Structures are given as C-alpha cells and as structure tokens.
Amino acid sequence: MNTPQIIYNFLDKAQNINNKHRSISSFFVEAFNLNNISDHEINKLRIHLSNHVYKLSDVIEIDQPELDHSWANDVIKILNFPLSENIDLFTLDVNSLFPHVKNFIGSQIRLWNIIHGNQKNLDKDQMISIKQKSEALIEEFIVNNDLAPNVRAFLIKQLRKIIEAIDHYQIYGNEGLIEILDESIGHAFTNKNYEDFLKDAQSTIWKEYLLIISTVVTTSDSFVSLTNNIKNFLP
C-alpha cells in the first residue's frame, strides 16, 4: 500500500463516518480502527499520517509544480485539530475535503505506482504470519543471554515496531515496514556490537526474518537493494 493510497483510504473512511460522531476522539478511533479511545494512540497515528501527507506533497511539488498544493494544508488541518474542540467545526472542515481533495489524492495512486513501483497490499494471512513470527522472536531474544544488552534491546524494539506497523497497517502501509527494515540494516553502520552480531551465526534467524518480510512488502527494486544489504552480512 503506497503513500497516496494510505491517505485516500483514510479520506474515504472519514467521508463515510463523518457526521455520526459526538466527539473528535471517537471519530479518530473509528477512522484508525482502534479498540478504545486513547489520545496518545490517536495523536501518534495522526502524526504518522501527517508525515505521509507532507511526503506526498513534496513529491507532487517536485514532479507536478503547476498543480494547486493547498490540499495538503486542508488535510493537515483536520489531522492537527485539537481533540477537545467543537465537533461541529471539525465536521465542517472534514466535509470540505470532499469531493475535490479526495479525488485528487485518488488520481495520484496510479502515478505513484508508475514512478515508485507497484506495491501489493498485505493480506490478512500475511499480516498474521508476520505478527506471529515477530512475537516468537521477541520471546526468543528476551531469554538469549548471549546477546549484547544493547543488541537485544534494539532487536526487541524493532520487532515491536513491526508489530505496531502491522496492527495499524492502514496507516503505516508497506512503506512504514520498509523504513523499519532499512533501520534494521543501517544500524550496523553506527553500532559495532550490532554489526558483529549480523556477521555472527547467531543472527541467522534474524536475517531470515528480515528477508521474509522484504519479500512481501517491497517492490522489485527495493527488494533487490534490501536483500543485497542483508546478504552483505552473511558468512
């Protein structure tokens, strides 16, 4: 799922649920498919979605400078709307996004795929499999006393990030998972203990895990890049 697709799906959901909520928090709970109202969780996902908006806006401004870019400010406005504010004012701002902004974002989905490569959405079975593998690895690394403490902490942190990205896949998308994969490889260049770990035989299960995820979330070009980087640390 690419960047404009993530934003479009959010707007589509927002259009369907707008006018039915009594609070802004409850609106975002449904929009983000959360189990309960948590301002911290809502704000974290709003920030992540805002980053998608800024990213898409920057790309469009470079590739299509002749277009009107006010749409980004309109979307950011509702994502930054104070949760305690009047729901009626919020509803008006949300309604102003339709149909023009939503349709404009929709028009960017195919173009993004052409430029950046087509990404297939993860299906339910793939997400369940990734989450189960992640949880199993967390348990394994927690009890592995042979790992350097900072390496173990980093591995567990990355696995928890992946679980969070899977739980909120409609906001993170494939690109959110790819960023975590990139971090998981790039950390070797700034942490000697982690670099040594990747070159050691005990990291085989971790590298196999990264390769499995990369096969299902990346485009062909980024898959080759990621796998080559991982293979650089193979014995």
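Determine whether L92 is in a helix (DSSP H, G or I) and farther than 28 Å from N121 by Cα. Against the criterion (in a helix (DSSP H, G or I) and farther than 28 Å from N121 by Cα), L92 qualifies.
Against the list (1) more than 30 Å from T3 (Cα to Cα); (2) modelled with pLDDT of 95 or more; (3) open to solvent by less than 70 Å² (accessible area, probe 1.4 Å); (4) of a type outside the set (K, R), the condition E139 fails is (3).
Out of the residues in the stretch 51-66 that are open to solvent by 70 Å² or more (accessible area, probe 1.4 Å) and in contact with a helix residue (DSSP H, G or I) (Cβ under 8 Å, 6 or more places away or on another chain), state the one that is nearest to D93 (Cα to Cα). So, considering only residues that are open to solvent by 70 Å² or more (accessible area, probe 1.4 Å) and in contact with a helix residue (DSSP H, G or I) (Cβ under 8 Å, 6 or more places away or on another chain), the one nearest to D93 (Cα to Cα) is Y54. Answer with yes or no whether K102 is basic (K, R), under 29 Å from H21 (Cα atoms) and surrounded by 12 or more Cβ atoms within 10 Å (Cβ to Cβ). When the stated conditions are applied, K102 passes them.
Where residues in the stretch 1-50 are among the aromatic types (F, W, Y) and part of a helix (DSSP H, G or I), which of them is most open to solvent (accessible area, probe 1.4 Å)? Explain how you work it out, then say what you get.
So in the stretch 1-50, the residues among the aromatic types (F, W, Y) come out as 8, 10, 27-28, 32.
Those still in the list that are part of a helix (DSSP H, G or I) too: 8, 10, 27-28.
Working: Y8: 62, F10: 9, F27: 2, F28: 0 Å².
This residue is Y8.
Q119 falls short of the stated requirement of being in contact (Cβ under 8 Å) with a residue 12 or more places away in the chain, among the polar types (S, T, N, Q) and farther than 19 Å from T215 by Cβ. Taking the stretch 1-21 as the range and being touching a residue at least 24 places away in the same chain (Cβ under 8 Å) and more than 14 Å from N103 (Cα to Cα) as the test, the residues that pass are M1, N2, T3, N18, N19, H21. Looking at the structure I just gave you, is N33 at pLDDT below 95, on the phi > 0 side of the Ramachandran plot and not hydroxyl-bearing (S, T, Y)? So N33 fits the description; yes.
Checked against (1) assigned to a helix (DSSP H, G or I); (2) buried (at least 16 other Cβ atoms within 10 Å of the Cβ); (3) in contact with an Asp or Glu (Cβ under 8 Å, 6 or more places away or on another chain); (4) not small (G, A, S), K77 passes all but a single condition, namely (2).
The values are calculated or read from the model by the stated rules, or taken from the named source; none is laboratory data. As the structure is a computational prediction, the values presented were derived from the model and not from experiment. Glycine also receives a Cβ, built like all others from the backbone with ideal geometry; neighbour counts cover every protein chain displayed. For accessibility, only protein heavy atoms count, side chains too; no ligands or nucleic acids. Shrake-Rupley method; radii C 1.70, N 1.55, O 1.52, S 1.80 Å.
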